[in-house]
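Notes follow once the structure below has been shown.
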Amino acid sequence: MTTATLNDMEAVNRRILDRRAANRSLPPYRAALIPEVTDLLASYFDKVCPGAVVDGVRRVGGGASKEQFFFTLTDAEGARQQYLLRMDPRSAITETDREREFILLQAMAGVVPVPEAAWVDPAGSHFPQPAAIMKVVSGVTKPSGSGVKVSGLGTWLGEDLRAKLRDQFLDHLVTIHAYDFRANPLPGFEVPDADDLQAARWVINYWHELWRIDHGETRPIVALAQQWLADNLPPCPPENLVLTHGDYRTGNYLFDEASGQITALLDWELARIGDFHEDLGWVLMQIFGTNEDGTFRASDLFEREEFITEYERRSGRTVNRTTLHFYDVLSSYKCYVICAANGLAAARSQHNHQDVLLTFLGCATAIFAGDLVRLLSQGAPA
Amino acid sequence: MTPNVDERLASIVRALSEVILPHLPPEASLAQEQVHLCIGHLQILRAQFDAVPAFEREELDDAVAVARDLAGTVTGGEQTTAALAAMNAAVAAADGGDVRGQRAAVLEAVDALVKAVSADGSSNAKVALPGIILSHEAPRTLKDRQWFAPFGFDTL
């Protein structure tokens, strides 16, 4: 590819990359303290919601990228509402844009279950880093008593919850993919329709550039995968362009444990307009699924072929196996970049509030290297 | 060495587990999570500490092996020839004196060769290169997965 095509990506992603590179020389970041966050919220609401009172600020556990805090806001009329503050650390395992996530949550309201987006500080003009505030939704990301799993990876739901959740999980994905982004454009979301390869080109350019900026330590299978991805961009005809979620998996939705009802789809920060196969490849990643008696279940919900055929049946789309293979490889490559480059770079630069988690997650990179070996050895199915 | 590394790590794990963790208030969720991760990290480090030099030496040997196989097969134009020369120099310098640095240098050179072959490698090189890399990386990634299996992500 030429230099011009290597730079071809969404403007927002170029801004994210530039910000990440520019932040490299900044001093270390430390976790925000509860009194500091309380003061920040109080002074923020003095401006945007005069008369409101903030109390009950507490940190939310789990997650690998944002600093998150629950708090209660009592407005001037005395109405109380629980909110969640999501604030970027200086550098994270995934570098994303709070405004983009905010726009998407607003657009998805009433389409699929999402938290209600309330306020956003996209440039960190009040908060020390970009931040967004949303209403709290009840629910859990994993069954109680399922044990401690870092960042929700490999969550085991069990037979009962699996039966309750699987149809919702798939139907919500089909609904997201059916969102009419041409009739209802999302501000800032560009459409990769200059040519049929642009959808795939945008995504590999972004992830290759992230790898370069964060000085990922190379190995032969990563070099081979990078070249293979560049040489095998799959065409995406206009009808295959959809709104993708970008991180669709168990662990990234809330559900009511008693009823099994999904109450909110979370973590939209990697969403974009792209090829629908991109979400399918991500859902089908081994790391997000479970293995029970030799049976792999994606997100502990569907066996691989079952998921593909059910997606086809419910969406009316046809899954192209060669394209899906490309996005299988891309998903493993993205995970490798996230763990081996982005997370470790954030930890090395002391720009994150949980370096020890990032180095812990870095120890998963061998799995993704193994996935790349397996996928590139087997090739696309005939 | 008195005290030895294992004794020192063990004492840190015990302090974190039995002194610090129980005294953290319930609302200090981030601190609790991070203490648990520290304990997990340290326990794995204790178990692997003695094996680290041999593991890293084998990593270097495996990097040299894939580079040598590529050097014996790959041909091409100007870019490929230059990348081969740089890779061979990195291999020649890999005497084990600086295991991590030399491995990184060899792997960077292999990375550059992959790109060069894509640009102007011979047709034979373009066909052979993926197979050579995959044949070396299959056992190498398995060793890595086994090494990091105690972290609990892998279902080996």
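If you plug each phi of region A:131-140 into the Karplus form 6.51 cos²θ - 1.76 cosθ + 1.60 with θ = phi - 60°, what whole-Hz ³J(HN,Hα) values come out, in order, with x for Gly and Pro?
Here the 3J(HN,Hα) series is 8, 9, 10, 9, 5, 6, 10, 6, x, 10 Hz.
Return the lysines within reach of B:Lys126: Cα separation strictly under 23 angstrom, same-chain partners fewer than 8 residues apart disregarded; answer none if there are no such residues.
In chain and number order, the partners are B:Lys115.
How many nm is it between the label spots at B:Thr2 and B:Asp120, if each spot is 7 Å from the Cα in line with the beta carbon?
6.5
Taking a threshold of 24 Å on the Cα-Cα distance, which of the pairs A:Lys66/A:Lys135; A:Lys142/B:Lys143; A:Lys66/A:Lys142; A:Lys164/A:Lys334 fall above it?
Numbers: A:Lys66/A:Lys135 16 Å; A:Lys142/B:Lys143 31 Å; A:Lys66/A:Lys142 19 Å; A:Lys164/A:Lys334 30 Å.
Beyond 24 Å: A:Lys142/B:Lys143; A:Lys164/A:Lys334.
What average number of partner chain Cβ atoms lie no more than 10 Å from the Cβ of the residues making up A:328-338? Mind dumping the intermediate values first?
Details: counts 0, 0, 0, 0, 0, 0, 0, 0, 0, 0, 0.
Per residue, the number of nearby Cβ atoms from other chains is 0 on average.
Report, to one decimal in Å, the Kirkwood hydrodynamic radius for region A:91-135 based on all distinct Cα pairs.
One decimal place: 11.1 Å for the Kirkwood radius.
Under 14 Å from a label point 7 Å along Cα→Cβ of B:Thr81: give me every residue in region B:104-130 with its amide N that close.
B:120-122
Which of B:Ser29, B:Ser11, B:Ser122 ends up with the largest GNM mean-square fluctuation for chain B, with Cα atoms connected below 10 Å?
Among B:Ser29, B:Ser11, B:Ser122, the largest GNM mean-square fluctuation belongs to B:Ser29.
Counting only other chains, what is the mean number of Cβ atoms within 10 angstrom of the Cβ of each residue in peptide A:6-14?
Details: counts 0, 0, 0, 0, 0, 0, 0, 0, 0.
Average per residue, whole number: 0.
Could you work out the relative contact order of chain B? I mean the mean sequence separation of Cα pairs under 8 Å and 6+ apart, divided by the number of residues, in percent.
On the way: 118 pairs, mean separation 35.5, N = 156.
RCO, chain B: 23 percent.
Relative contact order, percent, of chain A when contacts are C-alpha pairs under 8 Å separated by at least 6 residues? Can you show the working numbers first?
Values: 656 pairs, mean separation 73.8, N = 382.
Relative contact order here is 19 percent.
Considering the convex hull of the alpha carbon atoms of region B:5-51, report its projected area averaged over all viewing directions, in nm², one decimal. Display every interim value, and only then the final one.
On the way: hull surface 12.0 nm².
The number I arrive at for region B:5-51 is 3.0 nm².
Using only the alpha-carbon atoms, what does chain A span along each of its principal axes? Please give whole angstrom values in decreasing order.
Principal extents (Cα only, largest first): 64, 49, 43 Å.
Only helical DSSP H runs with n ≥ 4 go in: add -39500 (n - 2.57) per run for the protein assembly as shown, normalise by residue count and round the 222 nm mean residue ellipticity to 500 deg cm²/dmol. Walk me through the intermediate numbers first.
Working: 19 runs with 266 residues, N = 538.
After summing the helix terms and dividing by residue count, I get -16000 deg cm²/dmol.
FYI, it's all coordinate maths here, none of it is from the lab. Just so it is clear, the structure is predicted and the values come from calculations on it, not from any experiment. Using ideal geometry, Cβ is built from the backbone for each residue, glycine included, and neighbour counts are taken over all protein chains shown.
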